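Okay, so here's the structure we're looking at.
Here, each number is a calculation from the coordinates, and none is a lab measurement. In this text, all values refer to a predicted model and were calculated from it rather than measured experimentally. Don't worry about glycine lacking a Cβ; one is built from the backbone with ideal geometry, like all the others, and counts go over all protein chains shown.
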Amino acid sequence: METIDPIQQQLIDARRNQILEAATAVFAERGFHKATIRAIAQHAGIADGTIYNYFKNKTDLLIGILDRLN
């Protein structure tokens with residue numbers, strides 16, 4: 001298994017947090033069911049597909065947001 005150096009891990013964590021912040025804002029504005037991956041990506045300033053490198057789907061994003069609350 002490939003190890004990730006600390007700087008690479010910081011970049012991964014920063015992107016993941018950026019996506020979660022955008023998802024939080026879009027969910028608050030539109031609600032979970034009306035929020036789209038495209039809207040979240042646009043809010044984060046990234047391509048739609050980038051989200052799928054970090055999260056499986058919209059439900060996984062919600063779980064990520066809830067995990068941050070703990």
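Annotations
- Those residues of the range 48-70 whose amide nitrogen sits under 13 Å from the label point placed on F32, 7 Å along Cα→Cβ: 58-67
- The chain: translational diffusion in µm²/s, Stokes-Einstein, Kirkwood Rh over Cα pairs, 37 °C, 0.692 mPa s: 263
- As a length-normalised measure over Cα pairs under 8 Å and 6 or more apart, the relative contact order of the chain settles at 30 percent.
- Placing a pseudo-label 7 Å from each Cα along the Cα-to-Cβ vector at D5 and Q18 gives an inter-label distance of 2.0 nm.
- Under the span-like rule (Cα at least 30 Å along the axis, Kyte-Doolittle mean at least -0.5), DSSP H helices of the chain: 6-30
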